[in-house]
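The values are calculated or read from the model by the stated rules, or taken from the named source; none is laboratory data. These numbers come from a predicted model, not from an experiment. Quick reminder, even Gly has a Cβ in these numbers, built from the backbone with ideal geometry, and neighbours come from all protein chains shown.
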Amino acid sequence: MLNLPPIIIIHMAKEQSQIRERQHTNLREPRRYKVIIHNDDFTTMEFVVMILMQVFLKSEEDANALMLQVHHSDKAVVGIYSYDIAMSKTRKATNMAREKGYPLRLTVEPEVSD
């Protein structure tokens, strides 16, 4: 016969887990905001293109097309962003314009949802 040590069985108390019902919250996407650039008679077209490329990261082709749209239609949407980003880009572009003495005007408006 084999001499085997006795087997010890330890019964651990089962942890009782409670199942919670998931609460449904009405989460929705954060509101987005349009940055609109407005035409004026003093800000140069070249400066507008530079702002669109440096601040709004548009390609040269897109920046030129937007600049012409602003020139002919008095305004154009240059981007749609979260509120903080829209305000940050607007402030940066406005500050750059003021440093150069231009009255460039940009506004931020909520995007209308369908």
Please go through the range 101-114 and give me each residue that is loosely packed, with under 14 Cβ neighbours inside 10 Å and under 15 Å from Ile37 (Cβ atoms), ordered by number. Pro103, Thr107, Glu109
Surrounded by 12 or more Cβ atoms within 10 Å (Cβ to Cβ), touching a residue at least 60 places away in the same chain (Cβ under 8 Å), under 14 Å from Arg32 (Cα atoms) and among the hydrophobic types (A, V, I, L, M, F, W, C): does that describe Val77? no
Find all pairs meeting these conditions: Cβ atoms under 7 angstrom apart; at least six residues apart or on different chains; first residue within the range 38-50 and within 18 Å of Lys92 (Cβ to Cβ) and at pLDDT 95 or above; second residue of a type in the set (S, T, N, Q) and buried (at least 16 other Cβ atoms within 10 Å of the Cβ). Val49/Asn64
Test Phe56 against the stated conditions and say whether it is modelled with pLDDT of 95 or more, buried (at least 16 other Cβ atoms within 10 Å of the Cβ), assigned to a loop (DSSP other than H, G, I, E, B) and hydrophobic (A, V, I, L, M, F, W, C). yes
Can you find a residue in the range 25-32 that is in contact (Cβ under 8 Å) with a residue 60 or more places away in the chain and either surrounded by 11 or more Cβ atoms within 10 Å (Cβ to Cβ) or under 27 Å from Val112 (Cβ atoms) (or both)? yes
Under the condition of being free of Cβ contacts under 8 Å to residues at least 40 places away in the same chain and over 16 Å from the mean Cα position of the chain (by Cα), which residue from the range 85-100 is surrounded by the most Cβ atoms within 10 Å (Cβ to Cβ)? Thr94
